[in-house]
1. For the chain, what does the equivalent ellipsoid look like in terms of its semi-axes, each the square root of 5 times an eigenvalue of the Cα gyration tensor, given largest first in whole Å?
2. Which value in nm describes the separation of the simple spin-label points at Ser110 and Ser93, placed 7 Å from the Cα toward the beta carbon?
3. Determine the relative contact order of the chain: mean sequence separation of Cα pairs under 8 Å and six or more apart, normalised by residue count, in whole percent.
4. How far is helix 2-26 tilted, in degrees, relative to the longest principal axis of the Cα atoms in the chain, given as a value from 0 to 90 rounded to the nearest 10?
5. In nm, to one decimal, how far is the modelled label at His3 from the one at Ser34, with both set 7 Å along Cα→Cβ?
6. From the helices alone, meaning DSSP H stretches of at least four residues, give me the mean residue ellipticity at 222 nm for the chain, per-run term -39500 (n - 2.57), in deg cm²/dmol to the nearest 500.
7. Rounded to the nearest 10 degrees, what's the angle between the helix 78-121 long axis and the longest principal axis of the chain, both from Cα atoms, 0 to 90?
8. For Leu119 paired with Leu77, estimate the spin-label separation in nm (one decimal), with each label point 7 Å from Cα along the Cα-to-Cβ line.
Amino acid sequence: MLHNAALDAAKRASERSAARVHGEMKRGLTSLASIAATAPFVGIFGTLRGILNSFFGAAGDKYSDYGLRMRYLSEALVPTELALLVALLAFCSYKYFSARLEGCDVEMRSASLELLNELALIRF
């Protein structure tokens, strides 16, 4: 009876420890997910602002030509390009670290079960 109570206590302590470590390791993942989700919208906002600025800048210039207007428009696409790059890197990092966290969870669970099995063999 005492043996089973000790095994239950060890199991609960192991689960609490694993949950604490999991929470600490998962803390930064939500930031990566947020960056991956919002970066494209920030880039699109920057591009729209750049497009508006290019029209207002070219409209006042009587001598502006088509090439100059296209240069302004192409420069306006830079924020979206950078934002998509940031979003892609954040998303790939999120997936990588999520997979690593899952692997750590499996390792912790396996080590905990192995410890409990060893403790179950001990008779006192």
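1. Working from the Cα gyration tensor, I get semi-axes of 61, 11, 5 Å.
2. Between Ser110 and Ser93, the label points sit 2.8 nm apart.
3. Relative contact order here is 42 percent.
4. Taking Cα atoms only, the helix is inclined about 10 degrees.
5. 5.1
6. -32000 deg cm²/dmol
7. 0
8. Those two pseudo-labels are separated by 6.2 nm.
Throughout, read-outs are computed from the coordinates displayed, never taken from laboratory work. Note that the coordinates shown come from a computational prediction; the quantities given were computed from them, not determined experimentally. Glycine also receives a Cβ, built like all others from the backbone with ideal geometry; neighbour counts cover every protein chain displayed.
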